[in-house]
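Asker: Input: one structure, supplied below.
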Amino acid sequence: MINRSKAVVSRLMDNPDNLKHWQDGFISYEDIEGKPGEIGAKAKMIYDIKGKKLELIETIIDNQMPDYFRASYYAKPTENFLTLKIYEISANQTRVLQEIEYTRMSGIMINIMAAIFPNMFKNQTQKWLNQFKIFAETNS
């Protein structure tokens, strides 16, 4: 539960400039195809993961913000789908649900890591949601 209005949470969540405030290792977001925010639009996202750059290509599948967002994320080692749902609990309380479905993991190391630490991706997602909560509750 985030102690902010749905309008504020959605606005903060929907702005790529804010990713640096709550996603560890985030470096940049660059629109590369289509109209930003529209279905089919693509963007390149770059992260620094323990000294190595990771490039993701985001493709918007459905964007009904401030309520719902769905996108695919492609990187050399993985591909996944993210579904984001935002619910108003009260005038100043909002719930954010984020589901990530991994559809491809290639490479020996990532498969070993997934086998040894099955909750690794889930824990990372929860960490970022916790960090977003702090960011949202301290910014307007």
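Asker: Answer yes if at least one residue in segment 80-93 is at pLDDT below 95, under 13 Å from the mean Cα position of the chain (by Cα), among the polar types (S, T, N, Q) and part of a strand (DSSP E or B), and no otherwise.
Answerer: yes
Asker: Kindly indicate the residue of segment 33-50 that is outside any loop (DSSP other than H, G, I, E, B) and not hydrophobic (A, V, I, L, M, F, W, C) and also farthest from residue 15 (Cα to Cα) among those meeting that condition.
Answerer: Restricting to residues being outside any loop (DSSP other than H, G, I, E, B) and not hydrophobic (A, V, I, L, M, F, W, C), the top hit is 48.
Asker: Something else: Does at least one position in segment 72-82 carry a residue that is without any contact (Cβ under 8 Å) to a residue 40 or more places away in the chain and out of contact with any strand residue (DSSP E or B) (no Cβ under 7 Å at 6 or more places or on another chain)?
Answerer: yes
Asker: Sticking with this one: Give the residues of segment 56-79 that are outside any strand (DSSP E or B) and within 19 Å of residue 10 (Cα to Cα), sorted by residue number.
Answerer: 65, 66, 67
Asker: Let me ask something else about it. Step by step: first the residues of segment 4-32, then only those that are in a helix (DSSP H, G or I) and among the charged types (D, E, K, R), then the one that is surrounded by the most Cβ atoms within 10 Å (Cβ to Cβ). Which residue is that?
Answerer: 6
Asker: Among (1) part of a strand (DSSP E or B); (2) of a type in the set (D, E, K, R); (3) in contact (Cβ under 8 Å) with a residue 40 or more places away in the chain, which single condition is residue 53 missing?
Answerer: Unmet for residue 53, out of (1) part of a strand (DSSP E or B); (2) of a type in the set (D, E, K, R); (3) in contact (Cβ under 8 Å) with a residue 40 or more places away in the chain: (3).
Asker: Moving on. It is to be established whether one or more residues within segment 40-60 are over 13 Å from the mean Cα position of the chain (by Cα), surrounded by fewer than 17 Cβ atoms within 10 Å (Cβ to Cβ) and under 22 Å from residue 139 (Cβ atoms).
Answerer: Scanning segment 40-60, I find no residue that is over 13 Å from the mean Cα position of the chain (by Cα), surrounded by fewer than 17 Cβ atoms within 10 Å (Cβ to Cβ) and under 22 Å from residue 139 (Cβ atoms), so the answer is no.
The values are calculated or read from the model by the stated rules, or taken from the named source; none is laboratory data. Everything numeric in this text was worked out from a predicted model, so none of it was measured. Methodologically, a virtual Cβ is constructed for each residue, glycine included, from the backbone with ideal geometry; neighbour enumeration extends over all protein chains shown.
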